[in-house]
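Asks: Structure incoming, see below.
The values are calculated or read from the model by the stated rules, or taken from the named source; none is laboratory data. Because the structure is predicted, anything quoted here is derived from the model rather than measured. Please note: Cβ atoms are built from the backbone with ideal geometry, for glycine as well, and neighbour counts cover all protein chains shown.
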Amino acid sequence: MNPAYVSPDEIRDRFSKAMSAMYQSEVPQYETLLELVDQVNRETLERDPALAERLSNFDEFNRLGVERHGAIRVGTADELAMLRRLFAVMGMVPVGYYDLSEAGVPVHSTAFRPVDDEALAYNPFRVFTSLLRLELIESDTLRERAAKILADRDIFTRGARELIAQYESQDGLTDEQADRFVSEALETFRWHQDATVDLETYEALQAEHRLIADVVCFRGPHINHLTPRTLNIDEAQRRMPQAGMNPKDVIEGPPRRNCPILLRQTSFKALEEPTRFAGERQGTHTARFGEIEQRGVALTAKGRELYDRLLGESRRRTAGLANDEHQRVLAEVFSEFPDTEAELRREKLAFFEYRLTEAGRQADKAGRADIEALIEQGLVEARPITYEDFLPISAAGIFQSNLGGSQNDAYEGNANRDAFEAALQGKVLDELELYAERERASYQSVLQALQG
Ligand code: OOG
Ligand code: NI
């Protein structure tokens, strides 16, 4: 890269901080959530020096305080394709395809995120990005009206478009251009109190699906939440009401475990915000919330199958339960899921990254030995690879708790990855391949060092 240019990682870091500051001023409860998470994290580390040491060992401290993800929803293929170019400036590429129609929500999604180890360590910020699927709306009139409203808006500033083109042609941005890019790009994610439609149109779209109104009726795809990382989500959930927040009913994802897997999430519910509709009518719109997440190890396809099966089995038994009971039953069902790192490795349920220990670096070349033996001899250590992606069932739970349970079975079972990639004008990367490749590379370099 031209030395006059700022790295994409640096631009992403600036952007995520600017986004956080903007969201805190737009949604003051989000600032309270950040304070709560920070407090819980500090207490957790004080009480658990081993965890603190592990985090510092793995160089995790500096990124503990930064947001992990945000989410937006867009309305057209052009908007999605332009976002792909905007996120590329910040080293974020589309990873994973999520079909939310399965859960009665008329969108499909990807996560724009960094993929390299160093980039993730620098700042893991990612944006869960959903594309509205107007084709799933049955009423011709409503579908056409929505398409027309969307066609009339441009969610990007001229400055953002120019700087994206400049980045692409010169393959980088200078410090000054990067700062301008951040502030221009931020405009796309800002909240607008003024709807672009009148109250009747809003209500008609809202009646079809609340998400459709949220996407179609505003000038831009306001960031709808940001999500810091907590080290103890159960405690954070418990304290939310005391801090004046209304948490969603249950924590999504797997139960609490010795070896955390995938992703656990909860949120405070979306706020009702005053909105001005065309024709000077006052109303409200409910869209924006705050979320927290706790991440564990990435699972292999085999591990994921087991997760999905157990989650499916738990669903009948947890229906309608309050969080404490829900978690208890979930833990019971998940007792079938091995909960030591050695078992997760041996049974190939989760991904690990291998590296030599100090003793391993000093050791003479050994003959053939399997990796578990090398770990036992203290020559190699295995580190769980953190899951960096999302879970469609959890995402649906988050969507629904913020859309007042609105769900439409008519949308069901409509995965269409090809259509999504056509809109994106690009392919989405396969997250499992990314984890497998990291594991394979680290495994090979360790064996090579020890076995010559
Ligand atoms: C996105 C919901 C999904 C998550 O953390 O699973 C999500 C949305 O509400 O737009 O952010
Ligand atoms: Ni989220």
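Asks: Report those helices (runs of 4 or more DSSP H) wholly inside region 313-377 carrying at least 2 residues which are at pLDDT below 95 and over 30 Å from S445 (Cα atoms).
Replies: Because the criterion is at least 2 residues that are at pLDDT below 95 and over 30 Å from S445 (Cα atoms), the helices (runs of 4 or more DSSP H) in region 313-377 that meet it are 323-333.
Asks: Tell me, which residue of region 87-109 that is of a type in the set (A, V, I, L, M), buried (at least 23 other Cβ atoms within 10 Å of the Cβ) and over 30 Å from A207 (Cβ atoms) is nearest to the chain's Cα centre (by Cα)?
Replies: Taking the candidates together, the pick is M92.
Asks: Next up: For region 110-139, enumerate the residues that are among the hydroxyl-bearing types (S, T, Y), buried (at least 20 other Cβ atoms within 10 Å of the Cβ) and more than 13 Å from ligand 2 (Cβ to nearest atom).
Replies: Listed by number, the residues that qualify are T110, Y122.
Asks: Another one. Of all residues in region 93-120, count the ones that are among the hydrophobic types (A, V, I, L, M, F, W, C) and in contact with a Pro (Cβ under 6 Å, 6 or more places away or on another chain). Break it down stepwise before answering.
Replies: Step one: of region 93-120, the residues among the hydrophobic types (A, V, I, L, M, F, W, C) are 93, 95, 100, 103, 105, 107, 111-112, 115, 119-120.
Within this subset, residues satisfying the condition of being in contact with a Pro (Cβ under 6 Å, 6 or more places away or on another chain) are 112, 120.
Looking only at that region, the number is 2.
Asks: Here's something else I'd like to know. Output the residues belonging to region 267-309 that are of a type in the set (A, V, I, L, M), outside any loop (DSSP other than H, G, I, E, B) and more than 14 Å from ligand 1 (Cβ to nearest atom).
Replies: Of all residues in region 267-309, those of a type in the set (A, V, I, L, M) come to 270-271, 278, 287, 292, 297-299, 301, 306.
Filter once more, so that each one left must be outside any loop (DSSP other than H, G, I, E, B): 278, 292, 297, 299, 301, 306.
The answer is A278, V297, L299, A301, L306.
Asks: Now for a separate question. So which of A319, A331, A342 is of a type in the set (G, A, S) and touching a residue at least 60 places away in the same chain (Cβ under 8 Å)?
Replies: A331
Asks: For region 47-80, give me each residue that is touching a helix residue (DSSP H, G or I) at 6+ places or on another chain (Cβ under 6 Å) and surrounded by 13 or more Cβ atoms within 10 Å (Cβ to Cβ).
Replies: Within region 47-80, A52, L55, E67, R73, V74, G75, T76, A77, L80 qualify.
Asks: May I ask you to say which residue of V95, V105, V6, V40 is among the aliphatic types (A, V, I, L, M), touching an Asp or Glu at 6+ places or on another chain (Cβ under 6 Å) and closer than 20 Å to T266 by Cα?
Replies: V40
Asks: Considering each residue of region 254-266, count those that are within 13 Å of ligand 1 (Cβ to nearest atom) and in a strand (DSSP E or B), and give that number.
Replies: Going through region 254-266 one residue at a time, the tally reaches 4.
Asks: Same structure, new question: If only one of I223, I149 is in contact with a Gly (Cβ under 6 Å, 6 or more places away or on another chain) and in the same structural domain as D38 (by TED's automatic domain parsing), which one is it?
Replies: Only one candidate qualifies: I223.
Asks: Find the residue count for region 242-253, including only residues that are away from ligand 2 (no atom under 16 Å from the Cβ) and either part of a strand (DSSP E or B) or in contact (Cβ under 8 Å) with a residue 24 or more places away in the chain (or both).
Replies: Total meeting the criteria: 3.
Asks: Find the residue count for region 199-230, including only residues that are more than 16 Å from ligand 2 (Cβ to nearest atom) and either at pLDDT below 95 or in a helix (DSSP H, G or I) (or both).
Replies: 16
Asks: Taking the residues in region 189-198 that are outside any loop (DSSP other than H, G, I, E, B) and among the hydrophobic types (A, V, I, L, M, F, W, C) as candidates, determine which candidate is farthest from A21 (Cα to Cα).
Replies: Of region 189-198, the ones outside any loop (DSSP other than H, G, I, E, B) are 189, 194-198.
When the remaining residues are screened for being among the hydrophobic types (A, V, I, L, M, F, W, C), the result is 189, 195, 197.
Numbers: F189: 12, A195: 23, V197: 29 Å.
Looking at residues that are outside any loop (DSSP other than H, G, I, E, B) and among the hydrophobic types (A, V, I, L, M, F, W, C), I get V197.
Asks: Next question. Looking at this structure, is R256 modelled with pLDDT of 95 or more and either outside the structural domain of E291 (by TED's automatic domain parsing) or surrounded by fewer than 18 Cβ atoms within 10 Å (Cβ to Cβ) (or both)?
Replies: When the stated conditions are applied, R256 passes them.
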